[in-house]
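The values are calculated or read from the model by the stated rules, or taken from the named source; none is laboratory data. Source: prediction; values computed, not measured. In this analysis, Cβ positions are derived from the backbone assuming ideal geometry, glycine residues included, and neighbour counts consider all displayed protein chains. Just so you know, the surface numbers come from the protein's heavy atoms only, side chains and all, with ligands and any DNA or RNA stripped out. Shrake-Rupley method; radii C 1.70, N 1.55, O 1.52, S 1.80 Å.
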Amino acid sequence: MDALQATAMDLDDAAEAPPDPLEVAFEAAANASDPGAAYLAVLTDAEHALTEAGARAKEQCVYKLAERDSKNKNFGDVAVLLERAAPFFGQVAKAKVAKIVRKLLDIVAAHADTLDLQAELCLKVVAWCRAEKRTFLRQRVEARLVQIDFERARYDDALSLVTRLLRELKQLDDKQMLVETHLVEAKIHGALRNVPKAKAALTAARTNGNAVYVGPRLQAELDEMSGSLHCEEQDYHTAHSYFLEAYEAYDTLPDREADATRCLKYMLLCQILQEPLKGSARGADALLDAATAAATSAQYVKYAGPNLDSMAAVARAAKARSLAQFEACTAKYGAQLRSDLLIAHHLDLLYDRILEKNLGRIIEPFSRVEIARVAELIGLPVAKVEKKLAQMVLDKKLRGVLAQGEGQLILHAELAGDATHDGALDVIRNVSDVVESLFARAKALDV
């Protein structure tokens, strides 16, 4: 009975406890004549003891001030805000400070018109972290700066920073950060078209990910990067599987519609580019029909729009093997097709493939053709056709020579294989090996 009475008295005392003055001031600041000054007064208040409620109030003041400055495009004041909040940061845990600063950067990113503004703020935050000796937070802001430099296509700056950052993270053995940083490193090498280094970085990311929990978002990014690398190696069947895994993960996450749409475009690109598997009953035209049907199916109606329409148009042009239709498609949907490096590169490969097939179909019946006539039939400039034919000859896709003085392509008939000739070459090669072996033994006996 006494225990119950004591508990009831404690509850009464808690109910009668006065509210925290900082919390009261924060609630009143919204209705003040100058809310910015009122929020700043709460943040810099040093008279009242910092309680848990007061810490929450000051944290909200940081967000309100950052939101206010970002809306007014006063991004320089956001960096000054860190210095004004330094006394408050010194009173709370470092993990909480890291959370506040990361959210502050998210607020700026939502209002900044360019990536340059975000990079400038990150550099100021890094300088503040160095002055305050906050290594943990500095590394996370630098990781964000690497991502921003990658998106700005400043690959050299991103690569030098990520190399130094990885060296520090390996010493600390921070597995979670290593996964994220190695992934960005793989993206940078992929953008530079250095596939071996990109694969090594992705392997390192997956290896470190085996030791920690990898969330759905990060796992989707790893799968997307794996699909991109397989796509670069022209293994479109495997790439399609990885992009499908990434798409399904993004589709279940909130606010990831853009990422899901991008992976969906990559899936359709793989369907357009992939060759039929050996022994498969589905031909190339059937695969292109499937890509067109997928782009317009009700299954992906959530992401319907110009992005999917552009891939459907590419599939139709590829099926028709029409360069004019392909060029019209890229002209109409240039923003959707040329803004992505992966799609732009592989569309160029698709264009070359269609061009080679059309040229081969035109010149196949002849032993000598006029280049100007071929250009007229295919509807392209003579210089472009001549350059492509020269490339096909060098790649041994055509047997012939270009007689540039005459403006003609002279084709040679395919040589039939001669078993006797090949056998004679094998005998000569084997005799040469025997003679070299006997010479080496004789030389050893002389010594």
Check your understanding: Going through the stretch 180-262, which chymotrypsin sites (Phe, Trp or Tyr not before Pro) have at most 12 other Cβ atoms within 10 Å and a DSSP loop state?
Key -> 213
Revision key, fill the gap. Measuring from its Cα centre, the chain shows a charge dipole (+1 at each Lys and Arg Cβ, -1 at each Asp and Glu Cβ) which, in debye to the nearest 20, is 1500
Exercise for review: Send over the semi-axes of the stretch 365-414's equivalent ellipsoid, whole angstrom and largest first, taken as the square roots of 5 times the C-alpha gyration tensor eigenvalues.
Suggested key: 16, 12, 10
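Kirkwood hydrodynamic radius, computed over distinct alpha-carbon pairs, for the chain: how many Å, to one decimal?
27.9
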**Study point:** Cα shape, the stretch 78-177, gyration tensor, a/c 1.5 rule
**Key:** oblate
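Starting from the stretch 29-77, pick out the trypsin sites (Lys or Arg not before Pro) whose DSSP state is loop and whose Cβ has at most 15 other Cβ atoms within 10 Å.
73
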Practice item. First select every other residue whose beta carbon is under 13 angstrom from the beta carbon of residue 369; then total the charges, Lys and Arg +1, Asp and Glu -1. Key: -2
Exercise for review: Would you mind telling me the share, in percent, of accessible area of the stretch 160-267 contributed by carbon and sulfur at probe 1.4 angstrom?
Suggested key: 50
Point to revise | Flagged links, alpha-carbon separation over 30 Å, of 319/387; 64/133; 73/199 | key: 73/199
Practice item. With a 1.4 Å probe and every protein chain kept in, tell me what percent of the accessible surface of the stretch 365-414 is carbon plus sulfur. Key: 55
Check your understanding: Helix 341-363: angle to the longest alpha-carbon principal axis of the chain, degrees 0 to 90, nearest 10?
Key -> 20
Practice item. Over the chain, average the accessible area per residue using a 1.4 Å probe and give it in Å², no decimals. Key: 55
Review point. When you count, for each residue, the other Cβ atoms within 10 Å and take the mean per peptide, how do 421-431, 144-154 rank with the highest first?
Key: 144-154, 421-431
Practice item. Enter the angle in degrees (range 0 to 90, nearest 10) between the Cα long axis of helix 236-252 and the first principal axis of the Cα atoms of the chain, meaning the one along which they spread out most. Key: 20
Check your understanding: With each run of n ≥ 4 DSSP H residues scored as -39500 (n - 2.57), what mean residue ellipticity at 222 nm is computed for the chain after dividing by its residue count and rounding to the nearest 500 deg cm²/dmol?
Key -> -24500 deg cm²/dmol
Review point. Please state the relative contact order of the stretch 336-393 as a whole percent: Cα pairs under 8 Å, 6+ residues apart?
Key: 22
Revision key, fill the gap. Quick calc, the stretch 271-407, dipole around Cα centre from Cβ unit charges on Lys, Arg (+) and Asp, Glu (-), nearest 20 debye, gives 200
Check your understanding: Probe 1.4 Å, all protein chains in place: accessible area of residue 33 in Å², nearest 10?
Key -> 130
